[in-house]
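I have placed the structure first, in the form of structure tokens, so that the comments after it can refer back to it.
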Amino acid sequence: AIQHSFVSRAQKPSQRSYNYVQPRASYKVAILGAAGGIGQPLALLIKMSPLVSTLKLYDVANVKGVAADLSHCNTPSQVFDFTGDKELASCLKDVNVVVIPAGVPRKPGMTRDDLFNINASIVKDLIEAVADNCPDAFIHIISNPVNSTVPIAAEVLKQKGVYDPKKLFGVTTLDVVRANTFVAQKKNLRLIDVDVPVVGGHAGITILPLLSKTKPSVAFTDEEVQELTVKIQNAGTEVVEAKAGAGSATLSMSYAAARFVESSLRALDGDSDVYECSYVQSNLTELPFFASRIKLGRNGVEALIKSELEGLTEYEQKALEALKPELKASIEKGINFVHKQP
Ligand code: NAD
Ligand code: LMR
């Protein structure tokens, strides 16, 4: 057994361990876009979960080999592969969690919004199938631009009459993972102890780390706040530039997405102490979607944690106001996209 490594001690005091032989629960997880840069390592990490009995992999290409390869790992879950429109329904039947990293990644010089034209349609089509086949599943959206693809998913689910705002999540865990790493490095803290909430959205200045709410409590100079905030906001671009045309973050993203899946499964399994940051339907600000810390339960979002948005520093308060117009525009762009469809 190895240590559970997705959750920092600040979030989850009791450490759990993996058991590769016996499943502890029997949840079914589907990954749409499973043969991609994120999909493959994410599938591997989920294959290691003792909470998963069935792992269903869907992609428009190359998924058979990924599933055959993965199926040889002697961990509890069974792996199934699906490809093409006709197999999407069977992939989604009975799943508890569906994770969507399908779509194109950025190249240097692009914003996440530059992906909208391609990824909006991909997400819309996949969510239609989710609505038809597993409307009760937790839906984790990774495909960018997350600020718009989550509102797109919500509108599609509404049109299908199955929207449950408690079960639709934009995956912003990578922002938290990055913030935890960078703060621990800067302040020489033990990584396992550090937990930084990141709120707003998932693009540029809409990514707002609340450094003043870091656990354990730690003091930052104004210069450190500025430097860390910009580093966290630009971390995705740093990877895009380093990969020089070969895509965006895949490994750290898979790690983050696997953590969010594991948290969701623990919540589904009755753990009453599961908290994550995620971009969800929200009433914490005037914006209809907003990332904040949430409490997860059996039915999805059990509570939005308002207290972390109170008592912000002047820097954070200004940054919060500054991000709202961009986030609002991205949300409206997503909603309009669905309503303009023939
Ligand atoms: P990739 O190109 O390596 O993989 C994408 C996969 O999606 C491919 O295998 C492709 O065949 C598949 N795909 C395309 N259309 C599909 C469809 N209609 N149905 C099923 N599968 C389909 O890209 P990647 O690096 O894995 O990134 C995927 C997405 O995740 C990008 O949009 C990227 O911007 C986003 N991303 C988000 C975060 C985040 O923090 N939320 C982090 C990193 C990347
Ligand atoms: C990230 O934050 O790494 C992702 O959103 C991918 C990207 O385009 O930066």
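Laid out as a table, the results:
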| item | result |
| --- | --- |
| The range 206-261: number of residues that are crowded, with 17+ Cβ neighbours inside 10 Å and within 23 Å of ALA329 (Cβ to Cβ) | 13 |
| Residue check for VAL171: of a type in the set (A, V, I, L, M), closer than 20 Å to ALA303 by Cα and crowded, with 24+ Cβ neighbours inside 10 Å | yes |
| Selection within the range 78-108 - touching a helix residue (DSSP H, G or I) at 6+ places or on another chain (Cβ under 9 Å) and of a type in the set (Gly, Ala, Ser) | ALA89, SER90, ALA102, GLY103 |
| Number of positions in the range 171-202 that are within 14 Å of ligand 1 (Cβ to nearest atom) and either assigned to a helix (DSSP H, G or I) or more than 20 Å from LEU251 (Cβ to Cβ) (or both) | 9 |
| Count of residues meeting criterion [within 21 Å of SER53 (Cβ to Cβ) and either surrounded by fewer than 20 Cβ atoms within 10 Å (Cβ to Cβ) or without any contact (Cβ under 8 Å) to a residue 60 or more places away in the chain (or both)] in the range 262-273 | 4 |
| Qualifying residue in the range 241-258 (condition: of a type in the set (D, E, K, R), more than 12 Å from ligand 1 (Cβ to nearest atom) and closer than 14 Å to LEU174 by Cα) | no |
| Some residue of the range 318-328 being outside any helix (DSSP H, G or I) and more than 22 Å from ILE141 (Cβ to Cβ) | no |
| Where ARG178 falls short, out of the listed (1) free of Cβ contacts under 8 Å to residues at least 40 places away in the same chain; (2) out of contact with any strand residue (DSSP E or B) (no Cβ under 7 Å at 6 or more places or on another chain); (3) over 17 Å from ILE331 (Cα atoms); (4) crowded, with 20+ Cβ neighbours inside 10 Å | (1) |
| Complete set of residues in the range 311-342 that are within 24 Å of the chain's Cα centre (by Cα) and either acidic (Asp, Glu) or more than 30 Å from LYS158 (Cα to Cα) (or both) | GLU316, ALA319, GLU321, GLU326, GLU332 |
| Check on GLY84, buried (at least 22 other Cβ atoms within 10 Å of the Cβ), touching a residue at least 12 places away in the same chain (Cβ under 8 Å) and closer than 23 Å to SER121 by Cα | no |
| Filter pass, ALA137 being away from ligand 1 (no atom under 11 Å from the Cβ), within 25 Å of LEU296 (Cα to Cα), touching a residue at least 24 places away in the same chain (Cβ under 8 Å) and of a type in the set (A, V, I, L, M) | yes |
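Residue-wise test of (1) under 16 Å from the mean Cα position of the chain (by Cα); (2) free of Cβ contacts under 8 Å to residues at least 60 places away in the same chain; (3) farther than 17 Å from GLY33 by Cα.
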site: VAL95; (1), (2), (3): no, no, no
site: ARG106; (1), (2), (3): no, no, no
site: ASP113; (1), (2), (3): no, no, yes
site: ASN117; (1), (2), (3): no, yes, yes
site: ALA129; (1), (2), (3): no, yes, no
site: PRO145; (1), (2), (3): yes, no, no
site: ALA153; (1), (2), (3): yes, yes, no
site: VAL156; (1), (2), (3): no, no, yes
site: LYS160; (1), (2), (3): no, yes, yes
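Read the figures in this text as sums done on the coordinates, not as results from a lab. Not measured: the values here are computed from a predicted model. Methodologically, a virtual Cβ is constructed for each residue, glycine included, from the backbone with ideal geometry; neighbour enumeration extends over all protein chains shown.
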